[in-house]
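Chemist: What follows is a single structure, and I will ask about it in a moment.
The values are calculated or read from the model by the stated rules, or taken from the named source; none is laboratory data. This one's a predicted model, so the numbers in the text were calculated from it and none came from an experiment. All Cβ positions, even for glycine, are placed from backbone atoms using ideal geometry, and neighbour counts span all protein chains on display. When the accessible area is computed, the model is the full protein with side chains, heavy atoms only, and any ligands, DNA or RNA have been set aside. Shrake-Rupley method; radii C 1.70, N 1.55, O 1.52, S 1.80 Å.
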Amino acid sequence: MTTNTNIRKKERELSKMSPFEIKNELIKLAKKDARSATDQFLNAGRGNPDWVATAPREAFFLLGQWALSECKRTYKTDPGIAGMPQSDGSMDRLKHFLMVNSTLPGAMLLHDAIKYCTETLGIDADSLAQEWAEGIIGDEYPTPVRMLRHSEEIVCAYLAQEMGNRAPGFGREYDLFATEGGTAAMCYIFDSLQVNHLVNAHDRIAIMTPIFTPYLEIPGLDRYEFDVVNIRADKMDKKGLHVWQYPDEELDKLRDPSIKLLCLVNPSNPPSYRMSEHCMKRIVEIVKKDNPDLMIVTDDVYGTFASDFRSLMYELPQNTLCVYSFSKYFGATGWRLAVIALAEDNIYDHILGNLPEIQHKDLHHRYRSLTPNPDAIPFIDRIVADSRSVALNHTAGLSTPQQIQMTLFALMCLLDTEDVYKKTMQEMIHRRLNALWDSAGFKLETDKDRVGYYSEIDIMVWGKRFYGDEFCKWLRENHEPLDIVLRLAKETAVVLLNGSGFAGPDWSVRASLANLTTDDYIQIGKALHKILEAYHQEFLSAHPDGTSSK
């Protein structure tokens, strides 16, 4: 017979793993329950969206047809061989192609995109058509390796709109590096920060928590071993509910100049709240007054789900390196599309220029194969070179078809002046969020900073409100925090992740609102309430003398 002691021991061992690895065990348990009972298997453990943006994909496939005709125009021979597209007059041919095929899906977006690029961004028409033709065909190495020239201009404009709340001026203020998704960007950034001596082993860094688990795990790897300071979003309102913002005393930890690097996800993952205006202003004040060389890495993948969002990359442009992924907003996780954005005028290059002589010599040696003057290579270009172990810098870069699809995603939003797509996405996830909370019996307070792509639910907060302090004390003493997600899987076929794996409250759970229907989230909410009530019944059985929970 399995004792409670053995169960708790196993749960403590499991809790040491990443929540994304625990998820695999939860899925097995949930599927087993779904087979043996009438419960429906519902996996809200991962944030892969259940939608796709159709218009930019239609444009992509239609553009591909035109580009292939451009190749055949150069020459074609059996068996299915054609030449490379030529630039002279290519835009006229593209416009003619779109006129002939004006009723096909994607034609209107391409027509409007051409007008926007040439008239608003001032891009040469034939040069744009050539980049699109060669890019979508993929017949050339990415050149420049960091990002195709016009793709970079277009995505810069997109970032200014979506990350900068339509910040004025979107020309060459930022340099972009197109990467194989946000995960690759994270790996590249941490690697280059270390090899360039910007952050060395055992240096102090700060992480704003709760946060996407890899930001917690990477700094502890043997090659980094950073001294991590957590900046906790543990602020509560007068009702004792989480508002998922950072108290001033937590932010003030950043005044310590020994903290070299700050990492954050904004809006947060898993709470899914954007940083409040107060917190943003305080960080700006801290950096300018007390820690001007603080390097900031902000992961803003969920910023497009917020209205009037403004990233730290626009509040502290010299300090902030931004990672933005196209995966969630456009339903494109399989495309692996992201950019690293860094202002042309930045502290990373300034710090590089003031490194000790011995480190200068080390880096001069590292990058000497790239240029006669390796000391002048900007940090953003060092990230590119490091991503290919320097020696393969000439073949670096995201595949060109991926860059063209990224460009079309960006252009769809740049042309959507009424934010129709954004509002649709926001309404969808908010419906699901409300369904989850309402069916669980919890109350969502109005909060302008809530985004809602995920929801982090602190069971102790709601256990206290429903059943009282004594119940919460009993729950802590008799069960492990991981028990609730294991019970959900075993008894209701529902998969949620443990919030503790994201450095959130121990007894919190994280649900993705992106990948199931509204009706499914109603069932998940009911399952949560069922498990919480089951704990309460256990508590009452353990207190036959009638000890009140309130």
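Chemist: Counting Lys and Arg as +1 and Asp and Glu as -1, each charge on the Cβ, what is the dipole of the range 1-150 about the Cα centre in debye, to the nearest 20? Intermediate results must be reported in sequence, preceding the final value.
Modeler: Details: 20 positive and 20 negative charges, 243 e Å.
Using Cβ point charges on Lys, Arg, Asp and Glu, the range 1-150 gives about 1160 debye.
Chemist: What pairs in Lys235/Lys490; Lys490/Lys530; Lys235/Lys448; Lys31/Lys526; Lys422/Lys443 have C-alpha atoms more than 22 Å from each other?
Modeler: Values: Lys235/Lys490 33 Å; Lys490/Lys530 13 Å; Lys235/Lys448 16 Å; Lys31/Lys526 18 Å; Lys422/Lys443 25 Å.
With Cα atoms farther than 22 Å apart: Lys235/Lys490; Lys422/Lys443.
Chemist: Please list, or write none, the aspartates and glutamates whose alpha carbon is within less than 15 Å of the alpha carbon of Lys115, excluding same-chain residues fewer than 8 places away.
Modeler: Asp92, Asp124, Asp126, Glu153, Asp416
Chemist: OK, next. Which whole-angstrom value gives the distance between the alpha carbon centres of the range 17-49 and the range 214-247?
Modeler: Cα centroid to Cα centroid, the span is 26 Å.
Chemist: Residue by residue through the range 459-465, what is 3J(HN,Hα) from phi via Karplus (6.51 cos²θ - 1.76 cosθ + 1.60, θ = phi - 60°)? Round to whole Hz and write x for glycine and proline.
Modeler: Ordered by residue, 3J(HN,Hα) equals 5, 5, 4, 7, x, 5, 5 Hz.
Chemist: Counting only heavy atoms of the protein chains, get the accessible area per residue of the chain (1.4 Å probe) and round it to a whole Å² value.
Modeler: 42
Chemist: Place +1 on the Cβ of every Lys and Arg and -1 on the Cβ of every Asp and Glu in the chain, take the dipole about the Cα centre, and give the residue among Gln86, Tyr302, Thr74 whose Cα lies farthest towards its positive end.
Modeler: Tyr302
Chemist: If you keep only loop residues by DSSP, which GluC sites (Glu not before Pro) in the range 75-141 have at most 14 other Cβ atoms within 10 Å of their Cβ?
Modeler: On the way: sites: Glu119, Glu131, Glu134, Glu140; in loops: Glu140.
For GluC sites (Glu not before Pro) across the range 75-141 that sit outside H, G, I, E and B with at most 14 neighbouring Cβ atoms in 10 Å, the list reads Glu140.
Chemist: Taking 1 over the mean of 1/r across every pair of different Cα atoms in the range 1-141, what Kirkwood radius in Å do you get?
Modeler: Working: mean 1/r = 0.0504 Å⁻¹.
The Cα-based Kirkwood calculation yields 19.8 Å.
Chemist: Report Leu444's accessible area, 1.4 Å probe, all protein chains in place, as a number in Å² to the nearest 10.
Modeler: The accessible area comes out at roughly 40 Å².
Chemist: So for the chain, taking the charge dipole from beta-carbon charges (+1 Lys/Arg, -1 Asp/Glu), which of His360, Ala410, Gln537 sits furthest toward the positive end?
Modeler: Gln537
Chemist: Once the chain is represented by equal point scatterers at the alpha-carbon sites, with solvent omitted, what log10 I(q)/I(0) does the Debye formula produce at q = 0.06 Å⁻¹?
Modeler: The computed values of log10 I(q)/I(0) come out as -0.34.
Chemist: Could you look at the range 1-58 and say what percent of its accessible area is carbon and sulfur, using a 1.4 Å probe and all protein chains?
Modeler: Numbers: 1850 of 3710 Å².
Carbon and sulfur: 50 percent of the exposed surface of the range 1-58.
Chemist: Continuing with this model, one more query. May I ask you to order 525-534, 349-358, 232-241 by the average number of other C-beta atoms within 10 Å around their residues, highest value first?
Modeler: Details: 525-534: 18.3, 349-358: 12.6, 232-241: 14.1.
Going by the mean number of other Cβ atoms within 10 Å, highest first, we get 525-534, 232-241, 349-358.
Chemist: Something else now. Give me the distance between the Cα centres of the range 406-432 and the range 102-179, rounded to whole Å.
Modeler: Centre-to-centre (Cα) distance: 18 Å.
Chemist: Is any residue of the range 355-370 close enough, with backbone N under 20 Å, to a label point placed 7 angstrom from the Cα of Ala201 along the Cα-Cβ axis, and if so, which?
Modeler: Counting backbone N atoms under 20 Å from the label point, the list is 356, 358-363, 366.
Chemist: Under the rule of at least 5 residues apart or a separate chain, name every residue whose amide H is placed under 5 Å from the amide H of Asn269.
Modeler: Phe212
Chemist: Which FRET efficiency, nearest 0.05, do Asn373 and Asn165 yield, Cβ-Cβ r, R0 41 Å? Please list the in-between numbers first.
Modeler: Numbers: r = 38 Å, r/R0 = 0.93.
It comes out at approximately 0.60.
Chemist: Can you list the aspartates and glutamates whose alpha carbon is less than 12 Å from that of Lys328, not counting same-chain residues fewer than 8 positions off?
Modeler: Asp50, Asp300
Chemist: State log₁₀ I(q)/I(0) for the range 275-372 at q = 0.12 Å⁻¹ as given by the Debye formula over alpha-carbon point scatterers of equal weight, solvent excluded.
Modeler: -0.55
Chemist: For an R0 of 25 angstrom, estimate the FRET efficiency from the Cβ-Cβ distance between Asp88 and Leu415 and round to the nearest 0.05.
Modeler: Numbers: r = 28 Å, r/R0 = 1.11.
Approximately 0.35, to the nearest 0.05.
Chemist: Just tell me which lysines come within less than 19 Å, Cα to Cα, of Lys16; anything on the same chain fewer than 8 places away is out.
Modeler: Here the lysines satisfying the reach criterion relative to Lys16 are Lys28.
Chemist: About the Cα centre, and with charges only on the beta carbon of Lys, Arg (+1) and Asp, Glu (-1), how big is the dipole of the chain? Nearest 20 debye, please.
Modeler: Numbers: 61 positive and 77 negative charges, 276 e Å.
For the chain, the charge dipole is close to 1320 debye.
Chemist: Considering the dipole of the range 241-328 built from charges on the beta carbon (Lys and Arg +1, Asp and Glu -1) around the Cα centre, which of Tyr273, Tyr324, Leu241 is farthest to its positive end?
Modeler: Tyr324
Chemist: Calculate what fraction, in whole %, of the accessible area of the range 193-284 sits on carbon and sulfur atoms when a 1.4 Å probe is rolled over the protein chains.
Modeler: Values: 1820 of 3500 Å².
Carbon-and-sulfur percentage of accessible area, whole number: 52.
Chemist: Could you please tell me the mean projected area of the C-alpha convex hull for the range 326-373, averaged over all directions and given in square nanometres to one decimal?
Modeler: Values: hull surface 22.4 nm².
Convex hull of Cα atoms, orientation-averaged projection: 5.6 nm².
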